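**Student:** My structure is below; once you've seen it, I'll send some questions.
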Amino acid sequence: MDVLFELRERSRRLRKRICLPETQDGRITQAAAAIVAEGLCQPVLVETPGMQSLPNGVELVRPSSDPRLDALAETLFERRKHRGMTPEEARKRAQEPLIYAGLLLAAGEVDGVVAGSSATTADVLRAGLWTVGTAPGIRTVSSCFLMLKDDAAYTFADCGVVPDPSSQELVDIALASAESHRRLVGQAPRVALLSFSTKGSATHERVDKVRIAAEELARRAPSLSSDGELQLDAAIVPEVAQRKAHRSVLGGRANVLVFPDLDSANIGYKLVERFGGATALGPLVQGLEKPYMDLSRGAEPEDIANVCCVASIRAD
C-alpha cells in the first residue's frame, strides 16, 4: 500500500479548508500553488508583510481588515482573560498570523492550520493552545512523525514537544500516537515503548520509567497491542524478538514506536529520514481540539502539502 498516495487521495476527496499563516515564506506560497494544482485541499493564506505574489486560485485573508476581527478578538479575550489578557491586548494579538489562523479554526471558518516553516514549535503550540485548546480528556499535548519507506509505515513519538516525559506522559503519548496511526494509516496500531533494555536486561531509573509506563498502558488500554520496555531491534525485527522477548505480544512487528525522551526521538526520526531515505511527515501535533499542525523548519513545499493533507484527514 502506498500510504502517501492514499493520504493525498483521501484529502482530495474531503476538500477541507486549510489555513497557512506564514506567507512571508516563499515555500508556503509554492506549496499552496501545488496544492491547488493537484486539488489536495483548499488553501487559505493569511496576508503578511513580505508576502510574495498570491498563487492563482488561492484564497487570501487579511487580519486587519477582516470584518470578523471583533468576534475573533472577543473569543481570544474570553479564553485568556484568566491569564490577565485585556480586550485591547486580545485585539492586537488576534491580528498576529499564527493566532489569527487559530481563531479562524476555533470559529469553524477553516478546518485546519499548518504552520511552523518559520515559527518555532513553541510558538505554534502556544497559538494552538490559546485558540483551540486541548481535546476533552487530554492531559499531554505531544507530536508524532509518520515515517514512510516503500510500503512500510511507522509512527514515531514524541519527536517534537515533550523533552523528558514521565511514565504517565509516555502513556498519554502512546495512546495518542496509536490513534494517529489508526486514523492516518488505517492499520491496527502495535505499540512498543522503547528503551536501551529489553524486559529487564538492564537496570536503571530510566528503564524503570518505561517499564512502569508499559504496565500502565496495558491497564488503561487492555485491547491495544502494546509492550515494553523493548530495545528497537526487539520491537521491529521478529527474529530478534524471538531471542530477546519471545513472550512479547508484538513479536517484533511494532508499527508505533514511543521513544523514552525527546533526544532519542528527534535523533531517531532524522536518522531514518536522512540515512534511511524515509519520508517524514510531521511533527504532527496530537491532543488539540482541532488540527493545528506544526512543520519542521527544514520542510520543503512538498512536505508542507503533505502535512496539509494530514490536517484535512484529522479534521474529518
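The values are calculated or read from the model by the stated rules, or taken from the named source; none is laboratory data. The structure displayed is predicted, hence computed values, not measured ones. Here the Cβ is made from the backbone with ideal geometry for all residues, glycine too, and neighbour counts use every protein chain on show.
**Student:** Do you know which of the residues in region 137-146 that are touching a residue at least 24 places away in the same chain (Cβ under 8 Å) and over 12 Å from the mean Cα position of the chain (by Cα) is nearest to Ala254 (Cα to Cα)? Please lay out each step first, then the result.
**Tutor:** Pass one, region 137-146, residues touching a residue at least 24 places away in the same chain (Cβ under 8 Å): 138-146.
Those left that are additionally over 12 Å from the mean Cα position of the chain (by Cα): 138-140.
Values: Ile138: 24, Arg139: 25, Thr140: 23 Å.
Among residues in region 137-146 that are touching a residue at least 24 places away in the same chain (Cβ under 8 Å) and over 12 Å from the mean Cα position of the chain (by Cα), the one nearest to Ala254 (Cα to Cα) is Thr140.
**Student:** Kindly state which helices (runs of 4 or more DSSP H) lie completely within region 184-269 and contain at least 1 residues that are within 30 Å of Glu9 (Cβ to Cβ). Show your work before the answer.
**Tutor:** Values: elements: 205-220, 232-236, 238-244.
In region 184-269, 232-236 are the helices (runs of 4 or more DSSP H) which contain 1 or more residues that are within 30 Å of Glu9 (Cβ to Cβ).
**Student:** Let me ask something else about it. So, in region 259-292, of the ones that are farther than 17 Å from Leu148 by Cα, modelled with pLDDT under 95 and among the aliphatic types (A, V, I, L, M), which residue ends up surrounded by the most Cβ atoms within 10 Å (Cβ to Cβ)?
**Tutor:** Top of the filtered list is Val285.
**Student:** While we're on this one: Out of the residues in region 180-212 that are in contact (Cβ under 8 Å) with a residue 24 or more places away in the chain and of a type in the set (D, E, K, R), which is farthest from Ala241 (Cα to Cα)?
**Tutor:** Arg183
**Student:** Okay, next question. Find the residue count for region 198-229, including only residues that are touching a Lys or Arg at 6+ places or on another chain (Cβ under 8 Å) and of a type in the set (S, T, N, Q).
**Tutor:** Adding up the residues that qualify gives 4.
**Student:** Within region 270-316, how many residues are within 16 Å of Ile18 (Cα to Cα), of a type outside the set (D, E, K, R) and part of a helix (DSSP H, G or I)?
**Tutor:** Going through region 270-316 one residue at a time, the tally reaches 12.
**Student:** While we're on this one: For region 9-22, give me each residue that is surrounded by fewer than 24 Cβ atoms within 10 Å (Cβ to Cβ) and either touching a Leu at 6+ places or on another chain (Cβ under 6 Å) or of a type in the set (Val, Ile, Thr) (or both). Steps first, answer last, please.
**Tutor:** Narrowing region 9-22 to residues surrounded by fewer than 24 Cβ atoms within 10 Å (Cβ to Cβ): 9-10, 12-17.
Within region 9-22, just Arg12 meets the criteria.
**Student:** Let me ask something else about it. Among the residues of region 15-57, write down those that are over 21 Å from Asp294 (Cα atoms) and modelled with pLDDT of 90 or more.
**Tutor:** Answer for region 15-57, where residues must be over 21 Å from Asp294 (Cα atoms) and modelled with pLDDT of 90 or more: Ala37, Glu38, Gly39.
**Student:** Right, another one. Condition first: surrounded by fewer than 17 Cβ atoms within 10 Å (Cβ to Cβ), assigned by TED's automatic domain parsing to the domain that holds Ala311, among the charged types (D, E, K, R) and outside any loop (DSSP other than H, G, I, E, B). Can you find one or more residues in region 35-48 that meet it?
**Tutor:** yes
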